[in-house]
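Each remark here refers to the structure printed beneath this line.
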Amino acid sequence: MGIQHRLVMRIKNNKLVRTLCKPWMDRKLNNIYQEYLLSEDSQRIKGFKDRYAGERCFIIGNGPSLKAADLDKLQGEYTFSANRIYEIFDQTDWRPWVYVVQDKGFMSSESDAIRQVPCTWKFVPHEAGVDTSQWDNTIQIHGGLTEFVVNRGNDLSAVIVEDVSKGFSNGHTVTFISIQLAIYMGFKEIYLLGVDFQYSYIMDKHGHFKTQPGVKDYFNGDSHGKAVQNLEPTRNAYQVARKYCDAHGIVIKNATRGGKLEVFERVDFDSLFEN
């Protein structure tokens, strides 16, 4: 990541700058949200409510522990994937059932690649403003930001939204969006794979940026590049998900091979396929 880009990031995340921008941004975000509530996509999501009640699913992260051989085992399973998962397609015959994008910047810059992802359903951010009306089996979602957050590094607002047709809770990770979607669809067993929860470039709870040399973000060995992970808000979102699932009789476990996500009970991935 270049020095110039990091300087821009620091300015954009400066608390004084964000405080001054908040009134204007709150109005903008609320307008986008109200627009979404009136959309056809908001209504289409309702058709997924409890459609897969009692089934199990896998939510796949793009962490460095993810292996193509593990994806091969998931053929025939209900699987949620996200973002650059398509970069592993040349190593496996597996293809995702659901593909999710949360980040509007990624959606805007990679829309051509996203459109071509082979899957049963795509859920992509309405906020990006990309016309998906001609895309196959694609539904726009609202990613949950209706108020502008001054300190993104300490945003603990995550909740499990029980009616996601009205928008998701952000949680600062697309994995949290997928968890809410899986719950809404009625899945009673949710397993995480490739969610390593370690990143090369993070923002701590004080809004300070930290680089962690030698840490890889993706299964292909790449780093996040220009992205920064808000570590504590993401951890909090996972804790919220664990608490909700425990209270509602939903099994949610971490089948990732290694990594640093200890919020969820661990389970051996291979054991999930034993007869």
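Readers should treat all values here as calculations from the given coordinates under stated rules, not as data from a laboratory. In this text the structure is predicted, and so the values were computed from the model without any measurement. FYI the Cβ positions are ideal-geometry reconstructions off the backbone, even for glycines, and counts take in every protein chain you see.
What to note about this one:
- Over all other residues within a Cβ to Cβ distance under 13 Å of residue 126, the charged ones net out to -2, with Lys and Arg as +1 and Asp and Glu as -1.
- Distance in nm between pseudo-label sites at residue 265 and residue 151 (7 Å out along the Cβ direction from Cα): 3.5
- The ranking of 206, 126, 142 by Cβ neighbour count inside 10 Å, starting from the fewest, reads 206, 126, 142.
- Each residue of the stretch 239-252 was assigned a 3J(HN,Hα) from its phi angle through the Karplus expression (A = 6.51, B = -1.76, C = 1.60, θ = phi - 60°), giving 5, 4, 5, 4, 4, 5, 5, 4, 7, 10, x, 9, 7, 9 Hz with x at Gly and Pro.
- Exposure proxy order (Cβ contacts within 10 Å, fewest to most) of 193, 16: 16, 193
- Two-decimal log10 I(q)/I(0) for the chain, as the Debye equation yields it once each C-alpha is a single scatterer, q = 0.14 Å⁻¹: -1.04
- Less than 5 angstrom separates the built amide H of residue 79 from those of 58, 97, 98, all sequence-distant by 5 or more or on a different chain.
- Straightening the chain between residue 25 and residue 84 buys 18.4 nm, computed as 0.36 nm per residue apart minus the Cα-Cα spacing.
- Local electrostatic count, residue 26, Cβ distance below 14 Å [Lys/Arg +1, Asp/Glu -1]: +3
- Modelled spin labels at residue 69 and residue 204, positioned 7 Å past Cα toward Cβ, are 3.9 nm from each other.
- With each label modelled as a point 7 angstrom along the Cα→C-beta vector, the residue 110-residue 166 pair spans 3.1 nm.
- Estimated vicinal HN-Hα couplings, Hz - the stretch 21-34 in sequence order (Karplus 6.51, -1.76, 1.60; Gly, Pro = x): 7, 4, x, 5, 5, 4, 5, 5, 5, 5, 5, 5, 5, 4
- Residue 38/residue 274 FRET efficiency (R0 35 Å; Cβ-Cβ; nearest 0.05): 0.15
- Cα-based Rg of the stretch 123-229 normalised by 2.2 N^0.38 Å, two decimals: 1.21
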